[in-house]
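Every read-out reported here was derived from the displayed coordinates using simple, explicitly stated rules and does not represent laboratory data. The shown structure was predicted, so the numbers you read here are calculated from the model rather than taken from an experiment. Here Cβ is always computed from backbone atoms with ideal geometry, including for glycine, and neighbour counts include all displayed protein chains.
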Amino acid sequence: MSNKLNHIFGKPEHALDDFVKQSGGQEQALQRIQDAANAALKNGLIKPGPNGVLPRGDAGLIIDVGGTQIRLIGGLVKDGVVYISSASRKGLP
């Protein structure tokens, strides 16, 4: 888990510091993103590509996490669950 947290939140260019502080820490921030991603999937807002793969890079899907826009970078949908690869706020309002 610590590798995943560092991969997502340890990169300043992902611009997630304020979101992490607002969430109460990295684990809580990741859980909020996970919950929002699964809700977006359930509501039809996330449409995975072939084999459940989600878009990467700047083509990543943007979801609303408690009023904050977060871009999912890559990942996979399997059995109705979003598996997050990375996330970023780079370039988002």
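Overview of values
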read-out	value
Placed amide H near L61: partners under 5 Å, 5+ positions off or other chain	L72, G74
Degrees, to the nearest 10: 26-42 long Cα axis against longest axis of the chain	20
Interchain or long-range residues, amide H under 5 Å from V77's placed H	V53, L54, Y83
Too-long pairs where the Cα-Cα distance tops 25 Å, listed order kept, from K21/K47; K11/K47; K4/K90; K4/K47; K21/K90	K21/K47; K11/K47
Neighbour-count order for I33, I70, fewest beta carbons within 10 angstrom listed first	I33, I70
Integer Hz, Karplus 6.51/-1.76/1.60 couplings in order for the stretch 88-93, x for Gly and Pro	7, 10, 3, x, 9, x
Alpha-carbon gyration tensor eigenvalues x 5, square-rooted, for the chain, Å	20, 13, 13
Check: the chain dipole with +1 on Lys, Arg Cβ and -1 on Asp, Glu Cβ, in debye	160
